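Computed from the coordinates by the stated procedures, all read-outs in this text should not be read as laboratory data. All values derive from a computational prediction rather than experimental measurement. Here the Cβ is made from the backbone with ideal geometry for all residues, glycine too, and neighbour counts use every protein chain on show.
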Amino acid sequence: MALAAFAKVQEKQASRKVASAGWWLIARGKKSIGKVCIMKKKILTFALAGAACLLCGCGDKNPLNPDDPVSLTVWHYYNGSQQTAFNELVNEFNETVGKDVGIYVQSYSQGSVSDLELAVRDSLAGKVGAREMPHIFSSYADTAYEAEQAGALADLSQYLTESELEEYIASYIDEGCIALDGSLRIFPVAKSTEIMMINRTDWETFSKAAGVSLDSLATIEGVVETAKSYYEWTDAATPDIPGDGKAFYGRDAMANYFLIGMRQLGTEIFQAEGGQVTLNLPKESIRRLWDNYYVPVVKGYFGAYGAFRSDDVKTGDLLAYTGSTTSAMYFPGKVELDEMSYEIGYIVMDAPSFAGGENYAVQQGAGMVVSKSDELHEYAAVEFLKWFTRAENNLRFGGVAGYLPVMKAANSVEMLDKVIEEQGLAVAEKTYDCLIHTFEHMADVKFYTNKSFKNGSDARKVLEYNLSDKAQADRQQVKAALAEGVSLEEACAPYLTEEAFNAWYEEFCSALEKAAGR
């Protein structure tokens, strides 16, 4: 009791120091919850360790007992090769380190991301038939924030030293510090960013005929111009059928287009602080996003047909797309048409950015969170996650799944090659090329992800579907007009006026404010 009381006093004093430190960082223009998270860890560790030493003497705080192993359940959404790679690592842990220290991990796939989120929400709500909360589960920041607000997540900061935290990429740790006091709740295990992938075979034919180069694809505006040329080139190939040009480009994850596009243009759409959000929607910047997505979709220069844009490359409906680094494994080796199929090569490039903007790229990927329980299970969960994210283990998982490792030392071509050689790791050529391209260009890019806030998931859905759904619907109207013999310019005209943009902009802002609870 004396230790608990003394520690509580020390924690209150430490919290005041952390709050002061946080305001100092903000005042200095260095607002970083991650830095406060690490600072808090350092102060609290010192204070609580001092209390323990004074009242009961310092000793080994490891609660594990190899003779009485603790069992952990992990829920995730991995499937296919990702699930196989994860399970192989779990089995290895159980047979080696886990056996030695007294930890046994059992992993369960819940299906898709949405299936996992539903299972977690049902468990949190205590619904009839819901399973007991797992000790560890995969989670994106928005879902983790909901669980944190429900008081269901363990504070991971207390199980990691400052030196251990510093081994991880700082922005990944910062992303996981979602608690209001700045402490760590999401353990980074695998990340991804966006790249552009191109059908090399058909690109070379088009580029020679149209006189365009890959340099034109460095900017979003350049992609639009190239897509216009491709549409006109393919339309001209069938002069007896006017208006049947083909789309050149598409993208997965429209929310990223908004979040990263606006960041490149100097604005954070979601400026979150203390769980509350301020929406920043400058009309002139939103107009650039409209002009470089909605307009080319309506004109037929951009497209989206299957579930993912890699599917559209496979059917020959697109030549290029922007998608996650994890999508590289799904890039097709053939274009399959109704009447024939043929093999294609590929090109990996940086995702295009807005001309004149800052070189921001998305930082994404679910981490692992630990359910609040007791010291034994929480400690054991963190020990497993630390083992899983060691460079050699993390690259074994990421090399198969297309994820970026989370430790600083692991993000290099040299380390990837070393693991491939030593472990006999089979990495698909497309995934390998995508990873090394990202490693080689990481120093030139600023990675960004928005902070978590209440209703963040609903707000993100507006970014994901609002403009893309409208673009798709209006494109169908344009195609109907083309079928009746109307020219492309005439068919598109009603959708590209200033009035059309203003009406959508007002509706978009209203939908986003409603979703964010403003």
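At a 10 Å Cβ-Cβ cut-off, how would you order Arg251, Arg200, fewest neighbours first?
With the fewest neighbours first, Arg251, Arg200 line up as Arg200, Arg251.
Between Gln83 and Ala473, what is the FRET efficiency for a Förster distance of 45 Å, r being their Cβ-Cβ separation, to the nearest 0.05?
0.80
As an exercise, find the ratio Rg/Rh for region 114-181 from alpha-carbon atoms, using the Kirkwood inverse-distance average for Rh.
Rg divided by Rh gives 1.02.
Quick one: if the Förster radius is 41 Å, what FRET efficiency do Glu429 and Ala503 give, using the C-beta to C-beta distance and rounding to 0.05?
Working from the Cβ atoms, E equals 0.30.
With each pseudo-label sitting 7 Å past Cα toward Cβ, what's the Met340-Val128 distance in nm, one decimal?
Going by the 7 Å Cα→Cβ label model, 6.2 nm.
R0 = 45 Å: FRET efficiency of Glu375 with Glu422, Cβ-based, nearest 0.05?
Once rounded, the FRET efficiency stands at 0.80.
Distance from the Cα centre of region 80-159 to that of region 336-372, in angstrom?
Measuring centre to centre over Cα atoms gives 26 Å.
Once Rh is set to the Kirkwood radius over Cα pairs, what Stokes-Einstein translational diffusion coefficient, in µm²/s, holds for region 192-305 at a temperature of 25 °C and a viscosity of 0.890 mPa s?
So the translational diffusion coefficient is about 155 µm²/s.
If contacts are Cα pairs under 8 angstrom and at least 6 residues apart, what is the relative contact order of the chain in percent?
19
What is the order of Tyr77, Tyr432, fewest Cβ neighbours within 10 Å to most?
Tyr432, Tyr77
Among the listed pairs Lys314/Lys430; Lys372/Lys408; Lys299/Lys479; Lys408/Lys451; Lys99/Lys191; Lys408/Lys446, give every one whose C-alpha distance is greater than 18 Å.
Distance filter (> 18 Å) returns Lys372/Lys408; Lys408/Lys451; Lys99/Lys191.
What fraction, in whole percent, of alpha-carbon pairs in the chain exceed 35 Å separation?
Roughly 40 percent, once rounded to a whole number.
What is the projected area of the convex hull of the Cα atoms of region 366-447, averaged over all directions, in nm²?
For region 366-447, the mean projected area of the Cα convex hull comes to 6.3 nm².
Using every Cα-Cα pair within region 288-437, state what percent have a distance larger than 21 Å.
Across region 288-437, Cα pairs with separations above 21 Å total 59 percent.
Apply the Debye scattering formula to region 399-518, with a single equal point scatterer on each alpha-carbon and no solvent, then give log10 I(q)/I(0) at q = 0.17, 0.19, 0.22, 0.23 Å⁻¹.
Per q value, in the given order, log10 I(q)/I(0) is -0.89, -0.96, -1.14, -1.20.
Enter the per residue convex hull volume of region 145-208, computed from alpha-carbon coordinates, in Å³ rounded to the nearest integer.
In region 145-208, the Cα convex hull volume per residue is 144 Å³.
Give the order of Tyr168, Tyr330 when sorted by the count of other beta carbons within 10 angstrom, beginning with the fewest.
Tyr330, Tyr168
How do 104-114, 225-235, 391-401 rank on mean C-beta neighbours within 10 Å, highest first?
Result, highest mean Cβ count within 10 Å first: 391-401, 225-235, 104-114.
Please list, in chain and number order, the residues 5+ apart from Tyr321 or on another chain whose amide H is under 5 Å from its amide H, with Hs placed from the backbone.
Amide H neighbours of Tyr321, under 5 Å, 5+ apart: Met197, Gly250.
Could you order the peptides 292-299, 205-212 from most to least packed, using the average number of other C-beta atoms within 10 Å per residue?
Answer by packing, highest mean first, reads 292-299, 205-212.
I'd like the Karplus ³J(HN,Hα) series for region 199-204: coefficients 6.51, -1.76, 1.60, θ = phi - 60°, whole numbers in Hz, and an x wherever there's a Gly or Pro.
Along region 199-204, the couplings run 6, 4, 4, 6, 4, 5 Hz.
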